[in-house]
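J.: I have a structure here, written as structure tokens, and I will follow up with some questions on it.
The values are calculated or read from the model by the stated rules, or taken from the named source; none is laboratory data. From a predicted model like this one, the values you see are computed outputs, not experimental measurements. No Cβ is skipped: glycine too gets one built from the backbone with ideal geometry, and neighbour counts run over all protein chains shown.
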Amino acid sequence: MIRSSIVSWVLYVSRILLIILFTYAAVSKLVDFQQFGVQLGQSPLLTAFADYLVLAVPLSEIAIVVLLLIKPWRLFGYYASFSILLMFTTYIVLTLNFSDYVPCSCGGVLEDLGWSEHIIFNLAFVLLATFGVLYLEKSFGNLKKLKDGV
Amino acid sequence: MEFKGPYIRLSVVGCLSVAAVILLFLLSENQIHRNNAFTRRYPHHPTTKLFDIPLGFDSYYLAGYDEPFVYLGNTTAPKHIVRVNLRSKDTTHIRVQMENEELPYKFIQIKVVKPYFFVMDGTVPIILKGSLRNWKADTWMKDEAFFSSALPIDTQTIYVRTISSKTNESVLGVVEKNENFLVDMNPNVLERQVDGVFDVDGIMVSDNANQKLGYVYYYRNEFMIMDRDLKLMKRLHTVDTIHKARLELSEINSHGEIQMNKPPLMVNKWAALSRNLLFIQSDRLGKYEPKEMLEKASIVDVYDWENETYEFSFYLYGILDEKPREFNVYGDLLISLIGSHLAVYRLKPEHFED
């Protein structure tokens, strides 16, 4: 019982952290929307798609927050968090290795992070999301088993 | 107990996410380098400013470079040359002596091709040549052909632009002197869009060390690279989207002149050719570029003409509210005239070498 309460506490904290992260990310982009557009346009990798990404990225982040907030959609929220964090990590790795130059950095508090710290930071959140996915999948699985009467 | 499903789902989602970003990256690289999606890329500080030297006047133009000297001509004092030693930062003032001094000169341009210098005025027309040792210029070519612009490419050859007597349109040519003069025109390089004179106006550039010539149109997103016999090697487009010159020309007035009705849309302002790279200064803003930058800096776009790619762009900052007027690239140095200053930059090899 104690063990499962710790697990659910960790799950709760991870969910709160992910929600804070994505809310912060989306809001800081939307508040300085023009600046974000400029940064994306000059980013060495995705320049050609900056037009679409400038809206798609903050909107996806808001969508993920909504998914994580609403209980029946929570599992999808974790999957989406996992996916977008991996995308961002891939982006950083590509930037560091295959780009002609490394751009400034992203905005806000993360500005102080170096690129490799950024990767570690991201991977920590990927782990949180993975944990959420596995835990929820498992409890869904148990629920299903209960329903099926196994 | 079976608990494989979530792991498989996670792996699939993970792989798809990574693949999506890689795909976007590859597509984006392709578009930026090959197509004219007018979006510039700014790496961080591809150039380092070494120093600037005050010249006192803003009427200087670049006449040539012979390490460690930069030669500057002066449009308001046409026979006056300033030699700047980039190592000691000393400046020497030189007065050029010319044969045929009484001729009606209107627009003298002096260019240095070591160990000689050329004094050229296409309105006379005349070209004089002299040695850098004594700065005495003797007539080299006179009344052979009028020209609107000229650029010496070696001690015997001058790259010119003139008006064809057949078509009355601008044409590029090479004037060579061996035993006789050889004036060789190539009417196929410049392509008429409006009148064949105004619309094809542009910047003549040369890389004398590698014997390559270039021409960059002012009013459209196009440039050409030629070999020293003016054989067209490449005809390429810049990142800009203006492919047709936007000019409005008046009817011929009572003086027989044609004028521009509106200030034309200038796509390319200045250019320099060095090895496989063509540097083009443009005041046109691409996507996501802050407008305020144009008040204090000029944008220089770098193209690799051999590989037919746009490489990247950088800002050339002004000095005291003055923006760069002209520049040229010699080896790893970029030398620019900004207001009444001469500014010297080093091109970082990691950005400028192939």
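J.: Tell me yes or no: at least one residue of the range B:141-149 is part of a strand (DSSP E or B), at pLDDT 90 or above and closer than 14 Å to B:ILE110 by Cα.
T.: yes
J.: Which of (1) outside any strand (DSSP E or B); (2) over 18 Å from B:TYR330 (Cβ atoms) is the odd one out, the single condition B:TYR215 does not satisfy?
T.: In the conditions (1) outside any strand (DSSP E or B); (2) over 18 Å from B:TYR330 (Cβ atoms), B:TYR215 misses (1) alone.
Each row is one residue, and each column tells you yes or no for (1) under 30 Å from A:LEU128 (Cβ atoms); (2) aromatic (Phe, Trp, Tyr); (3) modelled with pLDDT under 90.
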position	(1), (2), (3)
B:TYR7	yes, yes, yes
B:GLY14	yes, no, no
B:LEU24	yes, no, yes
B:ASN30	no, no, yes
B:ARG34	no, no, yes
B:ARG40	no, no, yes
B:THR48	no, no, no
B:TYR71	no, yes, no
B:THR75	no, no, no
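J.: Restricting attention to strands (runs of 3 or more DSSP E) lying wholly within the range B:274-354, give those where 3 or more residues are more than 13 Å from the chain's Cα centre (by Cα) and closer than 22 Å to B:TYR217 by Cα. It would help to see each step written out before you state the result.
T.: Working: elements: B:277-282, B:297-304, B:309-317, B:324-330, B:333-338, B:341-347.
Here the list reads B:297-304, B:309-317.
J.: Next up: Being more than 16 Å from A:GLY77 (Cβ to Cβ), modelled with pLDDT of 65 or more and either at the interface with another protein chain (Cβ under 9 Å from one of its Cβ atoms) or not in a loop (DSSP other than H, G, I, E, B) (or both) is the filter here, so list the residues in the range A:97-126 that pass it. Spell out how you get there, then give the answer.
T.: First, pick out the residues of the range A:97-126 that are more than 16 Å from A:GLY77 (Cβ to Cβ): A:97-124.
Filter once more, so that each one left must be modelled with pLDDT of 65 or more: A:97-98, A:113-124.
Correct list: A:ASN97, A:PHE98, A:TRP115, A:SER116, A:GLU117, A:HIS118, A:ILE119, A:ILE120, A:PHE121, A:ASN122, A:LEU123, A:ALA124.
J.: I've got another one for you. Please list, ordered by first then second residue, the pairs with beta carbon atoms under 6 Å, 6 or more apart or interchain, first in the range B:208-234 and within 20 Å of B:VAL197 (Cα to Cα), second aromatic (Phe, Trp, Tyr) and surrounded by fewer than 22 Cβ atoms within 10 Å (Cβ to Cβ).
T.: Short answer, once both residue conditions are applied: B:ILE225/B:TRP305.
J.: B:VAL82 - would you say it is assigned to a strand (DSSP E or B) and either among the hydrophobic types (A, V, I, L, M, F, W, C) or closer than 22 Å to B:ILE158 by Cα (or both)? Outline the logic, then answer.
T.: Details: assigned to a strand (DSSP E or B): yes; either among the hydrophobic types (A, V, I, L, M, F, W, C) or closer than 22 Å to B:ILE158 by Cα (or both): yes.
Answer is yes for this residue.
J.: Out of (1) at pLDDT 95 or above; (2) surrounded by fewer than 17 Cβ atoms within 10 Å (Cβ to Cβ), the odd one out for B:LEU277 is which?
T.: For B:LEU277, the exception is condition (2).
J.: Moving on. Every residue in the range B:97-114 that is more than 26 Å from the chain's Cα centre (by Cα) and assigned to a loop (DSSP other than H, G, I, E, B), please. Before you say what the answer is, go through the steps one by one.
T.: Going residue by residue through the range B:97-114, those that are more than 26 Å from the chain's Cα centre (by Cα) are B:97-104.
Of everything in the range B:97-114, those that are more than 26 Å from the chain's Cα centre (by Cα) and assigned to a loop (DSSP other than H, G, I, E, B) turn out to be B:GLU99, B:ASN100, B:GLU101, B:GLU102, B:LEU103, B:PRO104.
J.: Tell me which residues, restricted to the range B:278-303, are of a type in the set (A, V, I, L, M, F, W, C) and away from chain A (no Cβ under 14 Å). Show your work before the answer.
T.: First pass over the range B:278-303, keeping only residues of a type in the set (A, V, I, L, M, F, W, C): B:278-280, B:285, B:293-294, B:297, B:299-300, B:302.
Across the range B:278-303, the qualifying residues are B:LEU278, B:PHE279, B:ILE280, B:LEU294, B:ALA297, B:VAL300.
J.: In the range B:308-345, how many residues are within 14 Å of another protein chain (Cβ to nearest Cβ) and either touching a His at 6+ places or on another chain (Cβ under 9 Å) or free of Cβ contacts under 8 Å to residues at least 40 places away in the same chain (or both)?
T.: Filtering the range B:308-345 down to residues within 14 Å of another protein chain (Cβ to nearest Cβ) leaves B:309-315.
The next check asks that each one be either touching a His at 6+ places or on another chain (Cβ under 9 Å) or free of Cβ contacts under 8 Å to residues at least 40 places away in the same chain (or both); those that pass are B:309-312, B:314.
Summing the residues that are within 14 Å of another protein chain (Cβ to nearest Cβ) and either touching a His at 6+ places or on another chain (Cβ under 9 Å) or free of Cβ contacts under 8 Å to residues at least 40 places away in the same chain (or both) in the range B:308-345 gives 5.
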